[in-house]
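Have a look at the structure below, then the notes.
The values are calculated or read from the model by the stated rules, or taken from the named source; none is laboratory data. Quick caveat: nothing in here was measured; it's all calculated off a predicted structure. When we count neighbours, we look across all protein chains shown, and the Cβ atoms used for this are built from the backbone with ideal geometry, even at glycine. The area values use the complete protein model at the heavy-atom level, side chains included, leaving out ligands, DNA and RNA. Shrake-Rupley method; radii C 1.70, N 1.55, O 1.52, S 1.80 Å.
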Amino acid sequence: MESKVHVLVIPYPVQGHINPMLQFSKRLVSKGVKVTLLTISFEECLRDKHAGSVAVQTIADDQQEKNRSMEDRLINFPDLLSQKLPEIIVKQRNHGYPVSCLVYDALLPRVLEIAKQQGLLGASFSTQSCAVGTIYSSVYEGKLRMPVEAPSVLLPGLPPLFVCDLPSFVSDLENNYPDALELLTGQFSNVEKADWIFFNTFNSLEKQVMNWMARKWPIKPVGPTIPSMFLDKRLEDDRDYGLSLFKPNSDACLKWLDSKRPSSVVYISFGSLLALREDQVAELAWGLKRSNTCFLWVVRESEIKKLPNNFVEETIEMGLVVTWSPQLEVLAHKSVGCFLTHCGWNSILEALSLGVPMVAMPQWSDQPTNAKFVTDVWQVGVKVKADEYGIVTKEEIERCVREVMEGEKGNEIRKNSEKWKKLACMAVDEGGKSDKNIEEFVTKLVCSSN
Ligand code: UDX
């Protein structure tokens with residue numbers, strides 16, 4: 001019989017949600033909690049099954065699930081959870097590991113209903129910024145009406161935002177995905193019933209907007225959820241994220257970086273989901289070449305055919321293209337001087353935590369809002385401007401990379417990046433606000449299970 005408090009952690013099963021929730025789980029384990037992370041069975045695509053101190057349970061696949069495409073399995077995940085979760089909780093109880101709390105991805109609000117039916121505590125976990133959460137909550141509550149007609153909007157706790165700074169699902173109705181907007185605003189459908197509301201952010205980073213949101217809901221920042229070895233260095237098993245859907249070319253990346261001068265490399269990645277237009281890939285490629293700066297570029301396997309003919313051969317002296325990188329180790333490497341990023345929330349937190357200046361090239365979802373904060377609020381990067389056809393030209397790529405790597409502004413940005421690196425570390429280090437919030441959560445769990 002196990003006497004520890006047992007928590008089930010349930011991320012939406014995509015890389016950008018698994019990573020932060022797995023790291024949060026590790027922090028819980030380090031404070032004496034037993035954690036089981038629940039996910040779909042990725043048999044065919046999980047490249048790294050390692051989850052360190054966290055137990056992983058996959059939801060058993062029946063034949064019907066196995067026959068679906070990966071995309072359909074992701075869409076079906078909330079329904080599958082609703083079906084299977086009650087029996088998983090009962091089984092854990094019968095095996096002597098009763099679960100006392102479900103920590104669920106904010107995009108899976110139905111899990112809270114299941115927690116309550118089973119007499120368990122429920123904690124929502126947002127993998128996006130609090131600023132973005134505020135925008136979606138304003139849409140959900142009808143305070144931000146769509147289509148947004150004014151050129152800019154003023155929402156509590158946030159700087160004035162132009163329409164182009166809003167998440168794409170709110171600003172761009174022509175290319176809208178109503179299902180995605182419903183999923184994202186749906187996180188506020190029952191949030192007032194959650195026992196805890198966690199955000200992967202930190203207090204000093206989003207102070208104003210968190211203060212405002214905290215008047216309505218008891219939100220708690222618990223980030224940045226970066227492996228401890230890159231921040232406070234208090235946990236031992238944290239060398240990388242683990243549970244990876246992609247296989248990194250680690251040796252090749254790190255060896256190549258070792259051969260470069262300090263702060264001389266621009267690292268480029270667009271995260272785990274995004275697909276760029278082929279003409280955009282070409283402009284980016286030639287822009288990198290024109291910038292005359294060494295580059296390490298992640299082009300996922302599904303995107304590699306979009307690279308211009310001969311590009312790799314023509315730039316062999318200055319660049320390395322890989323299909324997946326050990327991103328944290330890359331950002332922590334002394335040779336990296338700049339991160340050209342799509343502004344996924346994890347990438348932003350990682351760059352901030354490791355003090356790497358950014359060129360922001362947001363595409364959709366929460367990325368435009370994240371980019372606005374990178375450039376105008378935290379002042380740790382510059383943002384590319386697209387032309388009238390929505391393309392960021394090679395000249396613009398060159399200009400932005402040079403501005404961060406060589407320009408006057410680059411110096412200012414580097415200073416600011418160093419400041420945020422310290423603040424990020426302080427948040428999760430012993431006694432920091434995020435650390436205290438995790439500690440408090442654990443204490444309350446222990447008290448309520450006694
Ligand atoms: C998406 C959204 O963009 C994000 O804002 C949301 O909250 C979560 O889902 P994604 O587009 O994949 O995620 O980007 P990001 O949030 O940056 O997450 C990507 C993760 O993959 C990061 O943790 C990054 O370190 C990792 N990564 C990426 C690698 O380990 N290697 C790579 O080569 C590229």
With -39,500 (n - 2.57) per DSSP H segment of 4 or more residues and division by the full residue count of the chain, the 222 nm estimate, nearest 500 deg cm²/dmol, is -12000 deg cm²/dmol
Toy charge model, Lys and Arg Cβ at +1, Asp and Glu Cβ at -1: the chain dipole around Cα centroid in debye, rounded to 20, equals 1300 debye
Of all DSSP beta bridges with both partners in the chain, the antiparallel percent, nearest 5, is 5 percent
With +1 at each Lys and Arg Cβ and -1 at each Asp and Glu Cβ, the charge dipole magnitude of segment 250-424 around its Cα centre, to the nearest 20 debye, comes out at 520 debye
Relative to the chain, whose Cα atoms define the longest principal axis, helix 278-291 and its Cα axis are tilted in degrees, nearest 10, by 60 degrees
Segment 399-418 scanned against label point 7 Å out from Arg290 along Cα→C-beta; backbone N under 14 Å for 399-403
Heavy-atom accessible area with a 1.4 angstrom probe orders Arg261, Arg234, Arg110, Arg300, most exposed first, as Arg261, Arg110, Arg234, Arg300
Convex hull around the C-alpha positions of segment 250-424: the volume in Å³ per residue is 106 Å³
One finds, for Glu71 and Ile316 with R0 = 41 angstrom and r their Cβ-Cβ distance, a FRET efficiency to the nearest 0.05 of 0.70
For segment 250-424, whose charge dipole is built from +1 on Lys and Arg Cβ atoms and -1 on Asp and Glu Cβ atoms, the candidate among Cys253, Leu276, Asn411 with its Cα farthest towards the positive end is Asn411
Quick calc, Lys4 & Ser259: beta-carbon distance into FRET formula, R0 60 Å, rounding 0.05, result 0.80
Residues of segment 417-443 with backbone N under 15 Å of the label point set 7 Å from the Cα of Lys233 along Cα→Cβ are 422, 425-426, 429-430
Note to self: with every protein chain in place and a 1.4 Å probe, segment 250-424 gives an accessible area per residue in Å² of 42 Å²
Rounded to 0.05, the calculated FRET efficiency for the beta carbons of Ser448 and Arg277 at R₀ = 56 Å is 0.65
Lys and Arg at +1, Asp and Glu at -1: neighbours of Lys193 with Cβ under 13 Å from its Cβ sum to -1
In whole Hz, the Karplus estimates of ³J(HN,Hα) for segment 65-70 (6.51, -1.76, 1.60; θ = phi - 60°; x where Gly or Pro) are 5, 4, 7, 7, 6, 4
Subtracting the Cα-Cα distance of Ser302 and Thr323 from 0.36 nm times their residue separation yields 6.7 nm
Loop-resident chymotrypsin sites (Phe, Trp or Tyr not before Pro) in segment 140-214 with no more than 13 other Cβ atoms inside 10 Å, DSSP not H/G/I/E/B, are none
Taking Ile304, Ile219 and ranking on accessible area (1.4 Å, protein atoms only), highest first, one gets Ile304, Ile219
Any aspartates and glutamates whose Cα falls less than 13 Å from that of Lys193, other than same-chain ones fewer than 8 residues away, would be Glu113
Per its Cα gyration tensor (rounded if a/c is under 1.5, else prolate when a/b beats b/c, else oblate), the chain is best filed as prolate
With all protein chains present, segment 250-424 has a carbon and sulfur share of its accessible area (1.4 Å probe) in percent of 49 percent
Pairs over 25 Å Cα to Cα, from Lys247/Lys306; Lys289/Lys334; Lys91/Lys116; Lys143/Lys444; Lys394/Lys422; Lys233/Lys334, come to Lys143/Lys444; Lys394/Lys422
For Ser250, the accessible surface traced by a 1.4 Å probe with all protein chains present amounts, in square angstrom to the nearest 10, to 30 Å²
Placing +1 on each Lys and Arg Cβ and -1 on each Asp and Glu Cβ in segment 1-130, then taking the dipole about the Cα centre, the residue among Val5, Gln64, Ser126 whose Cα reaches farthest towards the positive end is Val5
Mean-square fluctuation maximum in Gaussian network of the chain, Cα pairs under 10 Å, restricted to Ala386, Ala194, Ala51, hits Ala386
With +1 at each Lys and Arg Cβ and -1 at each Asp and Glu Cβ, the charge dipole magnitude of segment 12-108 around its Cα centre, to the nearest 20 debye, comes out at 580 debye
Descending accessible area (1.4 Å probe), largest on the left, turns Thr393, Thr369 into Thr393, Thr369
